[in-house]
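Some notes on the structure that comes next.
The values are calculated or read from the model by the stated rules, or taken from the named source; none is laboratory data. Keep in mind the model is a prediction, meaning the values are calculated, not measured. Because the Cβ atoms are built from the backbone with ideal geometry, glycine has one as well, and the counts that use them run over all protein chains shown. With ligands, DNA and RNA removed, areas are computed over all heavy atoms of the protein, side chains included. Shrake-Rupley method; radii C 1.70, N 1.55, O 1.52, S 1.80 Å.
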Amino acid sequence: MAMPHAQSSGMGGIRTAGDLVARMQFAKNMHINEAKEHVAKTLDLTPLDLSDEEVMREKRQDLDIGVVTGLPGAPRGIAAKMNIEKLLGLKINSCEHFRQQLREAY
Amino acid sequence: MPEILTRMGDGRRVSMAREQILEDIQAGMADAADAAGVPSLSEDEMEKIADIVSEKGKNVAVEPGEEVILTNDGGQIKITMDNGGSGVGIDMGRLEAILLHERAFAHDTFELAWTDYSLKAIKPIIANEMQAMEYMNSLTIVPLLYGAMPNMGLYYAPDGPYGNPTDLMREFKIDFAMEQAEAAANHLARDIKYVTTLLDSAGCEGYNFDTTASAGDVEFVGTLMGVEAYRKACPHAYIAVGMAAENVLGIHGSIEYNGKIVAGMFPHDQVKIVAEAGANNFGAVVNTNTSKSFAWNVARSATMIKECVKQSEIPVHADLGMGVGGVPMCEVPPTDCVTRAGKILIEIANIDGI
């Protein structure tokens, strides 16, 4: 049942900028339009671009924040999330935990 | 006048004229306004709902730019579990099922879940879940929460240490029933703090309290006390609280949270105390009536949830799964109604997510 919602009403996850808008909702309690405007401004795009796969695929690759297709050498997982932290100016708990596990500060 | 193919609340196909659909929309809207004490929809909004219900295509979609964020309940269980209900029973690891949702199914957020989707069941396996969370977090990109229901029914006899209030009330032990319910709520709040803070220490980004208040008002208060403790200990956590029903059942009847009696609360009041407790996200529920049409149900849902969104300081995600939000109550909900319910709730109720 989640699939029809994703197809008809969802932002598209890491195909587009769905994960970034979701992070602003959770981290800053932003409603949907405010979260979209914030992310669009940060990425130098329009809110309409955020759910456009053609725009966001290239943007995500340029910013090293993870792409949906298998791209050798592209950051994914925790590496992509650490780049998302910097991009959105947020602390992400999974990244904080990862940093704490390292023997040196990065 | 051509007949429009639509459905009843139990999923059965029916044909209706547009006038009948509009009549049902008006009746569903009026029922919501009366039950929850919320404003009516305008004539234009009801016409818009009728237009979406009557669209000829099998599925419908929002206009580009109007998309919303998707959150989830049950996490990867929907792939791996075979329970005759919502799982499809494909035997695969939890990591693979989560990555499928992120990289193939276009989910904006996701959650890790245990097969028994109840908080109490997580306590004995918490070390396992902490390790799983660390592992999943190293490979996923979308916000990844942990999810499990408060499910306070498991704290009552015969499954738990407290007397079952419904049994005690049948024996006219009313005061004792209320005492036992309050003790169970305090136990639940302690367990929430235990599970959530340990998960947080393993890098968990947040927690989804799904199907909250399934055991009524006392469970709602126990969950809110737990959320409050979780927020205090973990200011950075992503906290979602989704409800079990549109109206909080008064098992106790007079229990309060922050000076407010919670029994009988509808979504626009529920969301305020959920935000006060420290949640970031509210899952609003409106129950589907199986003997009424989809048009009646979705109009009723849009009326209640519109006011909830209007009064909310935190993002509201409408619960649009089986038997809620206007979606028919049947084991395989038809995609024509699922997509229409999403579009109507986005365009009429202004929801922040699904």
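Some values worked out for this structure:
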item	result
Magnitude of the charge dipole, chain B, Cβ model with Lys/Arg +1 and Asp/Glu -1, debye to 20	340 debye
Three-way shape call for chain B based on the alpha-carbon gyration tensor, with the a/c threshold at 1.5	oblate
Nearest-ten-degree value, helix B:217-233 long axis tilted from longest Cα axis of chain B	70 degrees
Per residue value of the accessible surface for region B:274-313 (all protein chains in place, 1.4 Å probe), Å²	27 Å²
Residues losing 30 Å² or more accessible surface upon assembly, region A:15-57, compared with the chain by itself, 1.4 Å	A:Asp19, A:Ala22, A:Arg23, A:Gln25, A:Phe26, A:Asn29, A:His31, A:Ile32, A:Lys36, A:Leu48, A:Ser51
Mean projected area in nm² (Cα convex hull; one quarter of hull surface) for region B:72-183	8.6 nm²
Inter-part distance where region B:18-38 and region A:16-91 are each reduced to a Cα centre, Å	40 Å
Signed unit charges on C-beta, dipole axis of the protein assembly as shown, positive-most listed residue B:Cys337, A:Leu50, B:Trp296	A:Leu50
Positions from region B:75-115 whose accessible area shrinks by 30 Å² or more when the full protein complex is built, not the chain alone, probe 1.4 Å	B:Arg103, B:Phe105, B:Ala106, B:His107, B:Asp108
The protein assembly as shown: projected area of the alpha-carbon convex hull, averaged over directions, in nm²	22.1 nm²
Interface residues in region A:74-106 - accessible area drops by 20 Å² or more relative to the isolated chain, probe 1.4 Å	A:Arg76, A:Gly77, A:Ile78, A:Lys81, A:Asn93, A:Ser94, A:His97
Carbon and sulfur %, accessible surface of region B:158-230 computed with the full protein complex present, 1.4 Å	54 percent
For region B:241-250, Karplus couplings with θ = phi - 60° (6.51, -1.76, 1.60), whole Hz, Gly/Pro x	10, x, 8, 8, 8, 6, 10, 6, 6, x
For region B:1-147: rounded, prolate or oblate by the Cα gyration tensor [a/c cutoff 1.5]	prolate
Rh (Kirkwood; distinct C-alpha pairs) - region B:176-273, Å	13.6 Å
Estimated vicinal HN-Hα couplings, Hz - region A:69-83 in sequence order (Karplus 6.51, -1.76, 1.60; Gly, Pro = x)	8, x, 10, x, x, 6, x, 9, x, 4, 5, 5, 5, 5, 6
Per residue accessible area in Å² of chain A, where ligands, DNA and RNA are left out and the probe is 1.4 Å	49 Å²
For the pair B and A, total buried accessible area rounded to nearest 100 Å², probe 1.4 Å	4000 Å²
Degrees separating the helix B:18-36 axis from the principal Cα axis of chain B, which is the longest one	30 degrees
Degrees between helix B:335-349 axis and first principal axis of chain B (Cα, 0 to 90, nearest 10)	90 degrees
Radius of gyration and Dmax over the Cα atoms of region B:213-354, both given in Å	15.0, 46
Region B:132-258 - accessible surface per residue (Å², probe 1.4 Å)	35 Å²
Carbon and sulfur %, accessible surface of region B:1-121 computed with the full protein complex present, 1.4 Å	50 percent
Residue pairs, from the table A:Lys59/B:Lys306; B:Lys56/B:Lys292; B:Lys260/B:Lys292, whose Cα atoms sit over 24 Å apart	A:Lys59/B:Lys306; B:Lys260/B:Lys292
With every protein chain in place, chain A: carbon and sulfur % of accessible area (1.4 Å)	48 percent
